[in-house]
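The structure under discussion appears below in the form of structure tokens.
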Amino acid sequence: ALARQVAGRVTELALSADPGARVEVSGSHRLGVAGPQDDLDLVLLAAGLEPEALLLAVAAALEAQGAPVAVARGARVPVLRARVVGLRVEVVAGRAAAGDAAALALSDAVALAAAATASAPGLAAWR
């Protein structure tokens, strides 16, 4: 419920900056394997703006609402980390194009590896 609320808030902020943008839930929440300590992974897909510009607009809006925010700028894939209503959120940004499936697949693979590691403590060394 909280993850859905936060994803909705990020979507509203993204759409106010770029009306054609999309926000996709990815990782452990999308796969249904999220634990209580897991962050919410979102993929922000820009339509009209450059991905980093959209990410910065969302970051500024979250900050204006009182959320602590950190942005990795200039990265090949821009990343936003924030805490929204108590939930840790990580947002990567890209262009709404053929790369959508690849971004979701990578995030899902990381989530599955984390879930497997959490359920098998002996695998923790491989993280």
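List the helices (runs of 4 or more DSSP H) that sit entirely inside region 18-127 and contain at least 3 residues that are modelled with pLDDT under 90 and surrounded by 15 or more Cβ atoms within 10 Å (Cβ to Cβ).
Details: elements: 27-31, 51-64, 100-119.
Counting at least 3 such residues, we get 27-31, 100-119.
Of the residues making up region 1-49, those that are without any contact (Cβ under 8 Å) to a residue 12 or more places away in the chain and farther than 15 Å from A82 by Cβ number 6. Scanning region 1-17 for residues being small (G, A, S), more than 21 Å from A96 (Cα to Cα) and open to solvent by 30 Å² or more (accessible area, probe 1.4 Å) gives a total of 1.
The values are calculated or read from the model by the stated rules, or taken from the named source; none is laboratory data. These figures come from a predicted structure and were not determined experimentally. Cβ: placed from backbone, ideal geometry, glycine included. Neighbour counts: every protein chain shown. These area figures cover heavy atoms from the full protein model, side chains too; ligands, DNA and RNA do not enter into them. Shrake-Rupley method; radii C 1.70, N 1.55, O 1.52, S 1.80 Å.
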